[in-house]
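Below is one structure, written out as structure tokens; comments come after it.
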Amino acid sequence: MTSPLSKFTPTKRIVVIAIVVGIIAGVGSLLFYEGLKWGIAFFMGYLLQYAYPKEGQSFAAISQWSEPHSLVLLIPILIFGSLFTGILITCFAPEAEGHGTDAAIKAFHGDGRIRKRVPVLKAVTAILTIATGGSAGREGPAAQISAGFGSIVADMLGLSARERRIALTTGIGAGIGTIFKAPLGGAVLAAEVLYTRDFESDAIIPAFLASVIGYAIFGFFEGYAPIFSLNPIAWTVEQIPMFLLLGVLCAAFGILYITVFYGSRDWFAAVFKRYNLPLYLKPVSGALILGILVVTLALISPDAEMLGLAGLGSGYGFDQLMLYSLLPLAVILLLPFFKILTTSLTLGSGGSGGVFGPGLTIGASVGAALGITMHLFLPAYVPLEAVPVFIVVGMISLFGAVANAPIAVLIMIVEMVGSISILIPAMAAVAVSHLLTGERTIFHEQVPTKAQSGAHRGEYDRETLEGIFVRDAMTPKEAVITLDPSDKPSRVRDLMANTGHTGFPIIEDGRLVGIITSRDANDICAAETACQDIRQAMTFIPLVIHPDDTLEDALSVMVGHNFDYLPVVRADAPDQLAGFLTRSDILRTYVQASYLAASRKQDNDFDN
């Protein structure tokens with residue numbers, strides 16, 4: 001099919017893509033947001049008689065929030081939403097399960113396509129999950145919805161593979177930036193969230209334009225005021241050590257968030273597989289546990305009931321309550337743990353929604369706990385007007401770290417609270433939390449760099465790759481860190497944390513018997529008793545490559561099987577490790593070869 005944009009220059013094509021995606025992101029986010037508001041009003045307001053606290057309300061307005069008259073209906077409401085979510089996901093779009101940002105990232109690194117049914121189904125399932133009380137955010141659905149429509153636009157306009165991915169990535173940024181009224185942060189997030197150590201520079205400019213268009217459309221109907229309201233705030237340079245400490249605490253809770261979240265997902269998957277239970281009931285099981293927890297807490301005390309209610313939904317209303325100092329300290333101290341649990345039950349069991357909103361609540365409560373505690377013991381050092389700064393900085397430092405997107409999240413939340421004055425303490429805290437969290441991520445579909453992304457496979461010159469042998473790029477056996485099947489899982493995790501490597505060959509009695517990667521490590525004995533060694537998690541008889549093969553051969557295998565590493569063995573000794581090859585090795589060697597070739601050409605041109 002001839003593209004309608006075939007006569008346009010590359011720059012004009014990108015501008016058209018950005019404009020179209022921006023319009024779609026604005027309208028799509030608006031419809032999703034309105035659907036969510038109506039859903040919450042019906043299920044929480046009309047059925048449960050719950051005066052829901054909302055973000056952005058004035059102090060006087062939000063002070064009028066009240067608990068439900070009775071929580072009796074909460075469990076059936078949760079079951080209703082999760083049952084229909086499970087049926088829709090299982091029957092029509094399994095990729096709509098969980099947090100949509102990860103699915104959009106996966107599509108980018110894959111073929112750049114999202115099925116046409118996904119945006120609508122994601123919107124419906126997310127509304128059902130969140131409006132009926134599931135603990136999930138709206139950023140993931142907004143990202144997947146807009147990215148899905150970006151993929152549809154790519155089909156309609158007959159775009160190239162590169163332009164298709166730009167449209168998809170632009171949709172991610174525009175969708176998130178629009179629904180949070182944070183166009184700059186959303187645009188930067190589009191480029192930053194795809195990798196743990198890289199940046200998709202091609203997406204940043206079109207994402208700027210699309211986010212502004214989406215924000216203008218959304219704001220025309222919903223207003224342009226920031227998401228959260230703040231009373232007057234203040235902080236001092238003398239408080240910087242406390243913000244650094246907050247960064248440490250947020251890193252710890254961020255790691256706990258990631259661990260519990262994916263542990264819960266693996267546990268539910270393992271249980272339903274073991275007992276051969278219908279998959280559409282998986283979200284129902286998580287919702288049922290969540291409902292029982294909240295109702296049980298309500299029977300204990302008013303503060304416990306407040307904690308239970310804070311664990312429901314996206315949590316933005318309770319973030320606003322914390323910003324106004326309207327939550328008891330006892331609730332705040334327990335809220336990070338409880339929100340991690342409720343989000344893991346909702347999304348880990350297969351519900352539909354994002355991880356950004358719950359992440360903000362977790363970070364906000366960590367910041368509030370530290371700020372209020374310091375205010376109680378050292379009121380002159382941390383006055384009351386400084387506590388909201390700790391709350392906002394907690395939001396930034398926790399989610400900026402777990403998303404591996406510190407710059408984007410920093411900008412986004414500054415836009416969401418409408419105060420640039422918190423930039424300096426936030427920069428300090430998020431730097432610490434990001435460094436301590438490392439490459440642990442709530443988005444498992446992120447890859448380290450462009451070298452590991454299928455999106456950039458076509459950027460390699462095939463002729464150059466065919467002229468380089470694996471032996472010239474691989475890490476030789478003597479320099480490779482290897483493991484034994486009897487090694488403990490803790491040794492794998494420690495090595496990954498200390499070396500930055502995410503895959504290791506496994507040697508037994510001098511023979512290559514397998515490989516273990518970060519994905520294997522994350523799945524170690526999920527839902528089972530503790531593993532004594534890594535034998536149960538390792539991949540046996542891995543695919544291998546030979547020293548005399550070319551880098552073109554190696555990259556084809558890696559891309560075809562979505563591998564980041566290949567053990568290298570001699571053709572005459574297939575169980576004897578000769579070296580280890582990673583995508584980064586291929587990229588480094590390719591760049592060196594391309595540079596040398598360019599230098600030789602320049603010298604020849606000069607001589608001639």
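Read the figures in this text as sums done on the coordinates, not as results from a lab. None of these values were measured; they are calculated from a predicted model. Cβ placement follows ideal geometry from the backbone for every residue including glycine, while neighbour counts extend to all protein chains displayed.
Note on segment 390-489: Cα convex hull, mean projected area over all directions, 10.7 nm². Remark: the LEU543-HIS561 segment gains 5.5 nm on full extension, using 0.36 nm per residue and subtracting the alpha carbon distance. Past 22 Å, Cα to Cα: identify those pairs from LYS7/LYS106; LYS54/LYS181; LYS54/LYS339, in the order given. As for pairs spanning more than 22 Å Cα to Cα, those are LYS7/LYS106. Taking the DSSP bridge list for the chain and keeping only pairs wholly inside it, about 85 percent are antiparallel. Note on segment 460-582: Kirkwood hydrodynamic radius from all Cα pairs is 15.0 Å, rounded to one decimal.
One equal scatterer on each Cα of the chain, no solvent, Debye formula: the resulting log10 I(q)/I(0) at q = 0.06, 0.08, 0.12 Å⁻¹ is -0.33, -0.58, -1.24. All Cα-Cα separations within segment 346-420 were binned at 5 Å from zero, giving a P(r) of 3, 17, 22, 21, 16, 12, 6, 3, 1, 0, each value a whole percent of the pairs.
Neighbours of LEU279, meaning other residues whose beta-carbon lies under 11 angstrom from its beta-carbon, give a summed charge of +1 when Lys and Arg score +1 and Asp and Glu score -1. Here segment 1-60 was treated as a single set of alpha-carbon atoms; its pair distances binned every 10 Å from 0 give 18, 26, 21, 15, 13, 7 percent.
Computed over segment 237-371, the Cα gyration tensor eigenvalues convert (square root of 5λ each) into semi-axes of 29, 18, 11 Å, ordered from largest to smallest. Using the Cα coordinates of segment 25-83, the gyration tensor eigenvalues translate into equivalent-ellipsoid semi-axes of 22, 20, 7 Å, sorted from longest to shortest.
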